[in-house]
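Heads up, the thing below is written out as structure tokens.
The values are calculated or read from the model by the stated rules, or taken from the named source; none is laboratory data. What you are looking at is a predicted structure, and each value in this text was computed from that prediction instead of being measured. Every residue, glycine among them, receives a Cβ derived from its backbone with ideal geometry; neighbour counts consider all protein chains shown. Protein only, heavy atoms only, side chains kept; ligands, DNA and RNA dropped before computing areas. Shrake-Rupley method; radii C 1.70, N 1.55, O 1.52, S 1.80 Å.
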Amino acid sequence: IRKRLITGRDTSVKEGRFMGSTAPYGYKIIKLKGEKGNTLEVIPEEAQVVRMIFDWYTQEGIGTGLIAEKLNNLHIKPRKVKEWSTEVVRKILVNEHYLGKLPWKKNPTTKKFVGGQLTKKRYVNEKYEIYDGRHEPIISEEQFELAQQSVDEKKEDRFHDAIDEFYG
């Protein structure tokens, strides 16, 4: 039964259906008409905020910390947390949903028995799958790629800074 359920979920996402429990900022989950499954629908006000974040980051060179501060100063509320933070902004910048794509098996859970207790641990899968979604993209592919280059460069800079600090 479990294998059939997993196969069904995999098939659904390959057909472009959204399988998550919460929609990314800028979208809401809607039921597909005339068939099983869900997709995402753009929330115009939130989508405008997502576009602002990408514009500030890629065109104006503003960092994630300053973007979070700007959004908080503009009294724009994030959906899941109390206020904008560097990490929330960074997660928006690396989220493929904004391209109209569906990342799949990106953060799988592993289960282990430790000391007689079942423990669950999530990890980042570097070789996750990406499928075309049925939802409308908010960001162009060019702008998304530009943001990824900058995110990767800053990640590498932080790594080198940490090594320099460690070795003095």
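Please go through the range 69-80 and give me each residue that is assigned to a loop (DSSP other than H, G, I, E, B) and free of Cβ contacts under 8 Å to residues at least 12 places away in the same chain, ordered by number.
Of all residues in the range 69-80, those assigned to a loop (DSSP other than H, G, I, E, B) come to 74-80.
The answer is Leu74, His75, Lys77.
Just checking, does the range 74-85 include any residue being open to solvent by 30 Å² or more (accessible area, probe 1.4 Å), at pLDDT 90 or above and among the hydroxyl-bearing types (Ser, Thr, Tyr)?
Scanning the range 74-85, I find at least one residue that is open to solvent by 30 Å² or more (accessible area, probe 1.4 Å), at pLDDT 90 or above and among the hydroxyl-bearing types (Ser, Thr, Tyr), so the answer is yes.
Which residues, taken from the range 98-134, are aromatic (Phe, Trp, Tyr), modelled with pLDDT under 90 and more than 18 Å from Gln148 (Cα to Cα)?
Filtering the range 98-134 for residues aromatic (Phe, Trp, Tyr) gives 98, 104, 113, 123, 128, 131.
Filter once more, keeping what is modelled with pLDDT under 90: 104, 113, 123, 128.
Within the range 98-134, Trp104, Phe113, Tyr123 meet the criteria.
Might you let me know whether the range 81-99 holds any residue that is in contact (Cβ under 8 Å) with a residue 24 or more places away in the chain and in a loop (DSSP other than H, G, I, E, B)? Lay out the reasoning, then the answer.
Looking only at the range 81-99, we keep the residues that are in contact (Cβ under 8 Å) with a residue 24 or more places away in the chain, and these are 89-90, 92-99.
Imposing the further condition that a residue be in a loop (DSSP other than H, G, I, E, B) reduces the set to 94-95.
The answer is yes; a qualifying residue exists.
Residue by residue through the range 100-113, note down the ones that are in a strand (DSSP E or B) and either among the polar types (S, T, N, Q) or surrounded by 13 or more Cβ atoms within 10 Å (Cβ to Cβ) (or both). Can you show your working first?
Filtering the range 100-113 for residues in a strand (DSSP E or B) gives 101-104, 109-113.
Lys101, Leu102, Pro103, Trp104, Thr109, Thr110 - these are the residues of the range 100-113 that are in a strand (DSSP E or B) and either among the polar types (S, T, N, Q) or surrounded by 13 or more Cβ atoms within 10 Å (Cβ to Cβ) (or both).
Quick check on the range 45-54. Is at least one of its residues open to solvent by 90 Å² or more (accessible area, probe 1.4 Å), in a helix (DSSP H, G or I), of a type in the set (D, E, K, R) and touching a strand residue (DSSP E or B) at 6+ places or on another chain (Cβ under 9 Å)? Let's see the steps before the verdict.
Taking the range 45-54 first, the residues open to solvent by 90 Å² or more (accessible area, probe 1.4 Å) are 45, 48.
With in a helix (DSSP H, G or I) added as a condition, the list becomes 45, 48.
Those left that are additionally of a type in the set (D, E, K, R): 45.
Then keep just the ones that are touching a strand residue (DSSP E or B) at 6+ places or on another chain (Cβ under 9 Å); that gives none.
Checked against the condition, which is being open to solvent by 90 Å² or more (accessible area, probe 1.4 Å), in a helix (DSSP H, G or I), of a type in the set (D, E, K, R) and touching a strand residue (DSSP E or B) at 6+ places or on another chain (Cβ under 9 Å), the range 45-54 yields no hits at all.
Please state which of the following conditions Gly8 fails to meet, knowing it meets all the rest: (1) small (Gly, Ala, Ser); (2) farther than 23 Å from Glu142 by Cα; (3) touching a residue at least 12 places away in the same chain (Cβ under 8 Å).
Single failed check for Gly8: (3).
Checking Lys28 against (1) free of Cβ contacts under 8 Å to residues at least 40 places away in the same chain; (2) within 15 Å of Val151 (Cβ to Cβ): exactly one of these is not met. Which one?
(2)
Would you pick out the residues in the range 43-72 that are touching a helix residue (DSSP H, G or I) at 6+ places or on another chain (Cβ under 8 Å) and of a type in the set (Val, Ile, Thr)?
If the condition is that a residue be touching a helix residue (DSSP H, G or I) at 6+ places or on another chain (Cβ under 8 Å) and of a type in the set (Val, Ile, Thr), then Val49, Val50, Ile53, Thr58, Ile62, Thr64, Ile67 are the ones that fit.
If you scan the range 116-148, which residues turn out to be among the β-branched types (Val, Ile, Thr), part of a loop (DSSP other than H, G, I, E, B) and either within 20 Å of Leu40 (Cα to Cα) or open to solvent by less than 90 Å² (accessible area, probe 1.4 Å) (or both)? Quick ask: steps written out before the conclusion?
Residues of the range 116-148 among the β-branched types (Val, Ile, Thr): 119, 124, 130, 138-139.
Subsequent filtering for residues that are part of a loop (DSSP other than H, G, I, E, B) retains 124, 138-139.
Answer for the range 116-148, where residues must be among the β-branched types (Val, Ile, Thr), part of a loop (DSSP other than H, G, I, E, B) and either within 20 Å of Leu40 (Cα to Cα) or open to solvent by less than 90 Å² (accessible area, probe 1.4 Å) (or both): Ile138, Ile139.
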